[in-house]
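FYI, it's all coordinate maths here, none of it is from the lab. In this text, all values refer to a predicted model and were calculated from it rather than measured experimentally. Glycine also receives a Cβ, built like all others from the backbone with ideal geometry; neighbour counts cover every protein chain displayed.
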Amino acid sequence: MARLGAFIAHMAWNRTLTTDPPVLIVVLFAAMGTIVALMLQRYVIIVTTAFSGAWTIIVGALALANRGGPTRAGASEVWILYPFASATEAPWVPVAWIVLGLIGTAVQLGVTGRRR
């Protein structure tokens, strides 16, 4: 996010002037980006874990149904599994991933959103 803040500073400055922005402006925008990242950290973690978990469910379901997935990796010399390769097998996979990810996000927000 700090990088995004510095990028915004450069883009906004270049809209009005053709020179580089002062270092202080770039540092201030980078600091603001860092503060925003800290404020949004909880939500970024929730969304990424929800969508990662949804993808794990889909890859596992495909493996259980013997339609591709990690079961083939054990029989070969592959030492890194690229689970996104199984997304091309069925057109429903991206839709299921988004739906499961949104459900996981809603559940996590509902569980962790309560004040103690």
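Apply 1/(1 + (r/R0)^6) to the Cβ-Cβ distance of A65 and I103, taking R0 = 22 Å, and write down the FRET efficiency to the nearest 0.05.
E(calc), rounded to 0.05, equals 0.60.
From least to most packed, judged by other beta carbons within 10 angstrom and beginning with the fewest, V99, V59 follow the order V99, V59. May I ask you to derive the FRET efficiency for M39 and H10 from their Cβ-Cβ distance with R0 = 22 Å, giving the value to the nearest 0.05? Here the calculated transfer efficiency is 0.45.
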